[in-house]
Amino acid sequence: MREKGHYSVQAVVKALELLEALAGDVESPTIPLLASKLSLSRNKTFRLLATLEEKGLVERNGDSGTFQLGVQAFEMAQHILKSASLLKMAQPVMEELARKLDEAVYITVMSNDEVLFLDMVDCLQQVKAVDMVGKRFPFFTNAAGKVIKSLSSPDLLTRGRRRRDIPDPEALERELQEIRKRGVAVDFNGLGDGLCAVAVAIRDYAGKVVCSLTVLAPAFRMIQDRLEREVIPCMLEGAETLSSKFGYSRAYA
């Protein structure tokens, strides 16, 4: 067993400690004060602050020579809070869907044209699909990405058409148009051989897609009759319930 912190990079650790100090109650945080607080040389402190400033995480007051958290740091904090709020609101809906369908249910978000599997409520089945939490996939390879993209603005589709890694852009666009009409995406083997995914989009008060709910199961349990009679209706109902929590209403769509 390796000791905790064996793989830590000291420059990263000190940079994070700098951000923590700036977020704390340090008064007039100058380079000398921060260097003393973190037991660093002034030169090391200056170089770390310069790097953080370049990334927008830190801002320097030219008149006083003091430092404070930058806009980018606050934007990152907002993203973290938004994700936490998203998961908190989604959890009951995911649990209900996992109970009804007895299959694993995920919440997924789009990040740089990739789908990130953010969280999951597991099922009680003995045979399960592989855990996807924390994994990323190109949007065009799976139902979650396609349902989010299908309801995004047209310019996103135009940019996607120019991607060389999309095997058949025209076929993809036709598929996205069909998904947009139905409100649900289904794929087999997109996330791995023998896997089936069914995904629905979640909208906010402005009608913007914020995430998707995705059920992932072995393909042999997702026969067409079950998909049409049970899985898809349950997923659409779950999407409506969760979207309403974000203030979405069909009447204002």
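The values are calculated or read from the model by the stated rules, or taken from the named source; none is laboratory data. What you see is a predicted model, and the numbers here were worked out from it, not measured in a lab. Glycine also receives a Cβ, built like all others from the backbone with ideal geometry; neighbour counts cover every protein chain displayed. Quick note on the areas: whole protein, heavy atoms, side chains included, nothing else; ligands and nucleic acids left out. Shrake-Rupley method; radii C 1.70, N 1.55, O 1.52, S 1.80 Å.
Using heavy atoms of the protein chains and a probe of 1.4 Å, the accessible area assigned to F188 is about 100 Å².
Pairwise Cα distances in the chain exceed 23 Å in 60 percent of cases.
Estimated at 0.36 nm per residue, the fully extended path between R229 and N189 surpasses their Cα-Cα distance by 12.3 nm. Relative contact order of the chain: what whole-number percent is it, with Cα pairs under 8 angstrom and at least 6 residues apart? It comes to 14 percent, rounded to a whole number. Were the residues from V133 through D168 laid out at 0.36 nm apart, the gain over their Cα-Cα distance would be 9.8 nm.
Toward the positive end of the charge dipole of the range 99-253, about the Cα centre and with charges on Cβ (Lys, Arg +1; Asp, Glu -1), which of I232, G145, V121 goes farthest? Going by the Cα projections, it comes out as G145.
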